[in-house]
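To start, the structure itself, in structure tokens.
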Amino acid sequence: MSSEDTEVGRRVALQKMGGAALVTVGASTGVASAVDTTDVTTGKANPDGAHSAELNGELVSLESDTEAEVYFEYAVNEDGASFDARTDGQTRNSVGTFSETVDDLEADTEYYFRAVAASDDERTDGDVETFVTHPA
């Protein structure tokens, strides 16, 4: 595990505790404090045949927001700037898992996807994951 991965883990734990702590990364030292933000994670996909898949995610935190719209972006191209499709949004007022089935996919094709949470003027993206649809 890299020091950067360790730092990310510390910040996530710190956010869950709602506090601040002294952290050191490389040669720099600073104070990381709890961030008032909505958080989302991308789960695994479950391909369902050659032309559809169930995408899974989790709304991890709403912080001070009362609700967030969650959805998935997906594409064949791995360039995150060009996700060319998205699912319909679901409004959530509590944390927890969510899923959406996408159809009309190409058979035997690798797709990239991520969960997204949007609240007020803020958008949070989960990590990009991949899945491959079944052959026709």
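No lab work stands behind these numbers, since they all come straight from the coordinates. Predicted model only: the values in this text are computed from it and were never measured. Cβ atoms come from the backbone with ideal geometry, glycine included; neighbour counts cover every protein chain shown.
Around the amide H of Asp48, modelled in the peptide plane, lie the amide H atoms of Ala53, Glu54, all under 5 Å away and 5 or more residues distant in sequence or on another chain. Close amide H contacts of Ser61 (hydrogens built in the peptide plane, cut-off under 5 Å, sequence separation of 5 or more or a different chain): Asp39. Take the Cα of Asn93, step 7 Å toward its Cβ, do the same at Asp121, and the gap between the two points is 2.5 nm. Considering only Cα atoms, the convex hull volume of the range 39-132 works out to 80 Å³ per residue. With each label modelled as a point 7 angstrom along the Cα→C-beta vector, the Glu63-Glu106 pair spans 3.8 nm. At the listed q of 0.19 Å⁻¹, the Debye profile of the range 54-99, built from one uniform point per Cα, gives log10 I(q)/I(0) equal to -0.66. Amide H contacts for Leu105 (H built 1.01 Å from N in the peptide plane; partners 5 or more residues away or on another chain; cut-off under 5 Å): Ser52.
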